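Novice: What follows is a structure written as structure tokens; I'll ask about it next.
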């Protein structure tokens, strides 16, 4: 039995020069494919042992100072320490996160390009953009780990007669209410549409270019409500500038533990959580995915990281790659139904 060779991932690997078998070359081809597959796994493991050998970048689809950017810098900073390589945060803002996500999806799958992704681009935009979306979340990206859930809070003007979710629903059914968001297809907009769908209300959506002007208009009484991130809303509620009616997640926010969830107070099963997670280009070797997952999970359990994340209103939620992938697919299906119900389309 002779031995030939071929290269798999840059490593010289053997192939067997087997004698002719019945059925033509199918037997030989099958054996060769099995050997190549085995050596591909071995090569990937060998590659991971020397990884990372150079600085890495973590793409973020929103500008510096955004909550997604903050999460990326907290996690990326600790990963730099654990992996002993610099991780450069690369902000590529625009198109509701699509620009950064497309860059990540098209990058070389070698473990040196990562994406700190969010629910908007990864789970909502597939329904909002349809065939125009320049990437496929499931096919073009490899989940590594979920990082955090980001609760929102339903807030109204302090002079509003609604002091609970039930009372707000009654008001909405009695007359038209206006609800703001940071734009069509934004998580805040889709939270409003899910509320309408589950409560059988017709709160009118008012689109803003950012969440801050919408919040200002709620405080001024120009619109009635908004779904705001907990980190933004909590200080305003504590200062008496906004009234909080409920948390959109299924558990209460650590920033306002006294505030009940919407599901508790009038709309059972209502759940909207923003979420962040780390992904890589599809095809990234599994040993590298495993190494990054282990590092992220370790980082999220460290006291300084936990403290920094919780201070921003982030609920830490690490996962396995498989758990994160299953979660993303479920979120795509959920928000696809909400987008269809609302009739929302990307501009």
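Values quoted throughout were computed directly from the atomic coordinates according to the rules given, and no laboratory measurement underlies them. As the structure is a computational prediction, the values presented were derived from the model and not from experiment. With ideal geometry, Cβ positions are generated from the backbone for all residues, glycine too; neighbour counts draw on all protein chains shown.
Novice: Between 144, 169, 153, where does the largest GNM mean-square fluctuation fall for the chain, given springs only between Cα atoms within less than 10 Å?
Specialist: In this elastic network of the chain, the residue with the biggest mean-square fluctuation among 144, 169, 153 is 169.
Novice: Right, something else. Any idea how far the Cα center of region 62-117 sits from the one of region 284-340, in Å?
Specialist: If you average the Cα positions of each part, the centres end up 14 Å apart.
Novice: To the nearest 10 degrees, how steep is helix 211-220 against the longest Cα principal axis of the chain, on a 0 to 90 scale?
Specialist: Result, in degrees: 10.
Novice: Which of 243, 251, 132 has the fewest other C-beta atoms within 10 Å, and how do the rest follow up to the most?
Specialist: Lowest count first: 132, 251, 243.
Novice: Which three extents, in whole angstrom, do the alpha-carbon atoms of the chain cover along their principal axes, largest first?
Specialist: Taking the Cα atoms of the chain, the three principal extents are 86, 45, 32 Å.
Novice: What would the Debye equation give as log₁₀ I(q)/I(0) for region 210-347 at q = 0.18 Å⁻¹, counting only Cα atoms as equal point scatterers?
Specialist: So the normalised log intensities are -1.24.
Novice: Note down the relative contact order for region 53-141 as a percent, whole number, built from C-alpha pairs under 8 angstrom at least six residues apart.
Specialist: 34 percent
Novice: If packing is taken as the average count of other Cβ atoms within 10 Å, what order do 313-322, 179-188 fall into, highest mean first?
Specialist: 179-188, 313-322
Novice: May I pose another question? If you take every DSSP beta bridge whose two residues both sit in the chain, what share of them, in percent to the nearest 5, is antiparallel?
Specialist: Here the antiparallel bridges make up roughly 65 percent for the chain.
Novice: Report the semi-axes of the equivalent ellipsoid for region 151-247 in whole Å, largest first, where each axis is √(5λ) for an eigenvalue λ of the Cα gyration tensor.
Specialist: One finds semi-axes of 17, 16, 12 Å for region 151-247.
Novice: State, as an integer percentage, the relative contact order of the chain based on alpha-carbon contacts under 8 Å between residues 6 or more apart.
Specialist: Taking the mean separation of contacting Cα pairs over the length of the chain, I get 23 percent.
Novice: Kindly provide the helix-only [θ] at 222 nm of the chain, computed as the sum of -39,500 (n - 2.57) over DSSP H runs of four or more divided by all residues, to the nearest 500 deg cm²/dmol?
Specialist: Rounded to the nearest 500, it is -13000 deg cm²/dmol.
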